[in-house]
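Just below is one structure, and these are the notes that go with it.
What follows draws every value from the coordinates through simple rules; no lab data is involved. Bear in mind the structure is a predicted one, so any value in this text is a computation, not a measurement. In this analysis, Cβ positions are derived from the backbone assuming ideal geometry, glycine residues included, and neighbour counts consider all displayed protein chains.
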Amino acid sequence: MTTLIHHTAKDLPDYINLVARLNREEDGDAWFRGHSSASHRLIPSVLREVTPLTDSRGNPLRGDEILRADGFSVTGPNPERMLDEFKRRAVPFLSRQPKNEFEWLFLMQHHGVPTRLLDWTTNALVALYFALEYLGAESTTCAEDAASEFLKGDDLRGDGMAIFCINPKKINNELHGIQYPVDVAADAETWAPFVRPTNASELNTYAPLCILAPHISPRIRAQSGTFTLHGSNIWSLDYYSVLQPLIHKIFIPYSSAIAIKDDISSLGFTPSFIYPDLDGLSQEIRNQEFRRHAMDRKQYLAKLQRGV
């Protein structure tokens, strides 16, 4: 059980009222992130496949131990090696050369290369879109029961999705004594140790840092994109006990998801809006045509049943 601040929403108006209240409570500074399953933690993709090797005393691990202390060694995908490889091979495809390694990181994240970055947005409906984008199998759990158990503290449930809400000023103040989210690309030299945090010594690169990103791509601009940049520690953001009272987690049962997805689509939150490029347009055209076909098929089968 965690000390995260738990909320539930059953439909779009419920969600909008809730996030509006949370944003007011955070003085308009709230960031949001949507997860397709409430069981997922706040951890960047490159750190999700980490395998512990030894404990803090250097003893080999079997793989089933629970690690509760610092100092253990791990193995996993190497984000710094991928950064170097991307910088070496991506140049022929670029119309604009990134100015520093942070801009390279944002570009990598944009194109799907795993990094230490975790995407957030200042737009609560964009976060909701991402939670809904790849719906899992519908749960047979009663929506009221699922929401009730979540509010009791069972917050890593697999029968609903989740939207997280944080105030980046509070997170940075707690972890780094900084009162604001950092524009790392604008002062790349100062924050450079965060690019390769396992090699850093002159700056505290252990814990995550809330950062801003230049709008170097239409996607970042359309998605109102911001990030947490995770350091040398492999813990998820919501694992830090000192941060849990600062993190809001909104649970939405899967039984509510289809109706909510239709509602935000009618408000213009479609693939071509979220991904303002040919990929987004293609996905939207495909979705529209398959939805039309499903409706036509349903009407045709209904006619057959009526004997028309």
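How far apart, in nanometres, would the label points at ASN199 and SER148 be if each is projected 7 angstrom from Cα along the Cα-to-Cβ direction?
A separation of 5.6 nm, rounded to one decimal place.
Arranged from highest to lowest average of other beta-carbon atoms within 10 Å per residue, in what order do the peptides 158-170, 8-20, 89-101, 32-44 appear? The partial results should precede the final answer.
Numbers: 158-170: 22.8, 8-20: 17.0, 89-101: 11.2, 32-44: 20.0.
The densest-packed peptide leads the list: 158-170, 32-44, 8-20, 89-101.
Can you tell me how much longer the chain between LEU135 and ARG286 gets when fully stretched, taken as 0.36 nm per residue apart minus their C-alpha distance, in nm with one decimal?
So the extension gain works out to 52.7 nm.
If each residue of separation counts as 0.36 nm, what is the full-extension length gain between ASP262 and ILE5 once their alpha-carbon separation is subtracted?
That pair, ASP262 and ILE5, stretches by 89.7 nm at full extension.
Do any of LYS170/LYS249; LYS10/LYS261; LYS87/LYS169; LYS10/LYS249; LYS170/LYS261; LYS99/LYS169 go past 21 Å between their Cα atoms, and which?
Cα-Cα > 21 Å for LYS87/LYS169; LYS170/LYS261; LYS99/LYS169; rest within.
Using alpha carbon centroids, what distance separates region 72-112 and region 1-41, in Å?
Answer, in whole Å: 31.
Under a point spin-label approximation (7 Å from Cα along Cα-to-Cβ), what is the GLU85-ASN233 distance to one decimal in nm?
Result for the modelled spin labels: 2.9 nm.
What nm value, rounded to one decimal, do you get for the distance between LEU301 and GLN244 when each label is placed 7 Å out toward the C-beta?
4.6 nm
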